Each structure stands twice: as structure tokens, then as C-alpha cells.
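Okay, so here's the structure we're looking at.
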Amino acid sequence: MSQVKKKFTSDEYRVSYLVPEESDGMRLDQFVQSYFTSFSRQAIKKKINNGEVTIFGRPHSPKASSKVYHHDQVEIV
């Protein structure tokens, strides 16, 4: 579990994680749920669809089924 950065404000919680080797090839929604176990997969999919989850360096908005790879940086708002 490699956290890159975390930011709290009164309006928002923002955190970035580096994808570890053991999560290479995992679906984005499953990866996010492994860090936010209190959220349902449906809630996580909604956050992804709303653009609240991004994968740095990718030119398009990710889908829940997008794969994450070792050393990707995933940001969750």
C-alpha cells in the first residue's frame, strides 16, 4: 500500500496511491475498493463515472473495468 499524497479540506478528501506489483492488471473498481472497504462497488463505480477517480498519465477518463498496472498513480476524490 503505497500512498503518494493525501489532502484534506473542509469540502474534499483527495488521496493518491501507487499501484503495487501485486495489484498489476486489477480492475480499477476493485483496486479502489481494496483501499475504501466501506464503499460498495456501486458507489465506487459512480465515483469513477463522475470523474472522481483518475489514473495519471492516461489521456481518457477511466472506466470501472479499466486495468491498473504496477507504478500507475490513481487519485481518488
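The values are calculated or read from the model by the stated rules, or taken from the named source; none is laboratory data. Remember, predicted model here, so these are calculated numbers, not experimental data. Backbone-built Cβ (ideal geometry, glycine too); neighbour counts: all protein chains shown. Each accessible area value is taken on the protein alone, full model and side chains, heavy atoms only, with ligands, DNA and RNA left out. Shrake-Rupley method; radii C 1.70, N 1.55, O 1.52, S 1.80 Å.
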For segment 17-42, pairs from a residue that is farther than 9 Å from His70 by Cβ and modelled with pLDDT of 95 or more to a residue that is of a type in the set (Ser, Thr, Tyr) and open to solvent by 40 Å² or more (accessible area, probe 1.4 Å), with Cβ under 7 Å and 6 or more apart or across chains, are Arg27/Ser65
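Between Ser66, Ser61, which is more than 9 Å from the chain's Cα centre (by Cα) and modelled with pLDDT of 95 or more?
Ser66
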